[in-house]
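The block underneath contains the structure these notes are about, expressed in structure tokens.
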Amino acid sequence: MYREQIKPRSANVIEHYDTPNMTYPDSSQMKRITAIKHVWGLGDRYYKLAHKHYGQTKLWWLIAWFNKAPTESHLSTGQVIMIPTPLEAALSYMRNAK
């Protein structure tokens, strides 16, 4: 299977990445996070919210992770989700996860 994928692309290797072991912030860490409430609406997307609140669409996964809803299809219109801020605090908890 790999040969079929590598040869047409003129690649020598396929690089696999480990999935990080991320833990949810504990209660003391949650006290340092200010979460902005957002009511999920028609047309909402994680990447749009990440751009609005963080200035970077690529941080969509942080909102998904924080709300324990990996994709938009896990949410319903009218559901309240939380946007973790400040960004640096939320990311630092992720980096320190073991």
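Nearest 0.05, what FRET efficiency do residue 24 and residue 72 give at R0 = 22 Å with Cβ-Cβ as r?
Numbers: r = 20 Å, r/R0 = 0.90.
E(calc), rounded to 0.05, equals 0.65.
Report the charge-dipole magnitude of the range 1-71 in Debye, nearest 20, computed about the Cα centre from +1 at each Lys and Arg Cβ and -1 at each Asp and Glu Cβ. Working shown, then result.
Working: 11 positive and 5 negative charges, 53 e Å.
Roughly 260 debye for the range 1-71.
Of the listed values (i) 1.03; (ii) 1.37; (iii) 1.76, identify the label whose number matches Cα Rg over 2.2 N^0.38 Å calculated from this model.
(ii)
Working out 0.36 nm times the residue gap between residue 33 and residue 4, then minus their Cα-Cα distance, what length gain in nm do you get to one decimal?
Details: separation 29, 0.36 × 29 = 10.44 nm, distance 4.69 nm.
Result: 5.8 nm gained on full extension.
Using a Cα distance threshold of under 17 Å, what count of lysine pairs results for the range 24-95 when pairs must be 8 or more residues apart or interchain?
Values: 37/48; 37/52; 37/68; 48/58.
So the count of such lysine pairs works out to 4.
Put a dot 7 Å past each Cα toward the Cβ at residue 15 and residue 58; how far apart are the dots in nm?
Those two pseudo-labels are separated by 1.3 nm.
Each value in this text was obtained by applying a stated rule to the coordinates, not by laboratory testing. Note that the structure is predicted; figures quoted are calculated from it, not measured. Glycine gets a Cβ as well: all are built from the backbone with ideal geometry, and neighbour counts include every protein chain shown.
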